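The values are calculated or read from the model by the stated rules, or taken from the named source; none is laboratory data. Everything numeric here is computed off the predicted structure, so don't read it as measured data. In this analysis, Cβ positions are derived from the backbone assuming ideal geometry, glycine residues included, and neighbour counts consider all displayed protein chains. Note: areas computed on protein heavy atoms with side chains; ligands, DNA, RNA excluded. Shrake-Rupley method; radii C 1.70, N 1.55, O 1.52, S 1.80 Å.
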Amino acid sequence: VAIAAALCHNTTLVQLYLDGSDVSSEGAAALASALRQNGTLKYMSLRNNRIGSEGAAALGEALGHNSGLTVLDLWGNNIGNAAAAAMTNGLRANTTLIDLNLAGNDIDDDGGAASYEIRELVSINMEAQGLAFTVKKSVSPIMNALPVAAMPNLLARVGKLPARYSLTTTFRIVKELSLSMGR
């Protein structure tokens, strides 16, 4: 909570790593409140914490009011389908986030629609910022049908990507694999 309070007034810190720091849903809510006021922070990693769906939903909602964060890593936080759906609401108003890692969470096939929308919203932000990468329908139809959270696990199983890679990196590699296979 003290870190969140400091972030409200931050004008210099651009990267924050709180991996494995036992951040709870309450801590995530405090960080979300800080993100509403902070335009300086560009990268926040909250891997392997206890954020849960409630904390992730708060962070997702805050993204709609944040104009600085470009990377948010929420790997391994017991985030479920409902939180993935709630995150899309904030992402609809966000124009800066280009990498959102939700791998290693509890998002299953029922969360596929929200995962697909998250992927599309992040891709739109990437295009708007002049980044070359986009995910189009030309990528394998099988990959398009999979929930976003399933892709890193699928690629790791076939030996193409370490499981810890982000979703954005995963999509780049999927696109490269599809192009190299003539799709």
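Whole angstrom only: what separates the Cα centroid of region 15-40 from the Cα centroid of region 71-89?
14
Give me the accessible area per residue for region 21-108, probe 1.4 Å, as a whole number in Å².
Value for region 21-108: 34 Å² per residue.
Pop a pseudo-label 7 angstrom from the Cα along the beta-carbon direction at both Lys42 and Gln15 and give the gap in nm to one decimal.
1.0
Using Cα pairs under 8 angstrom and six or more residues apart, how large is the relative contact order of region 1-117, in percent?
Working: 263 pairs, mean separation 27.6, N = 117.
Relative contact order for region 1-117 comes out at 24 percent.
If a paramagnetic tag sat 7 Å from the Cα of Ser24 along the Cα-Cβ line, which residues of region 38-53 would have the backbone N under 13 Å from that point?
50-52
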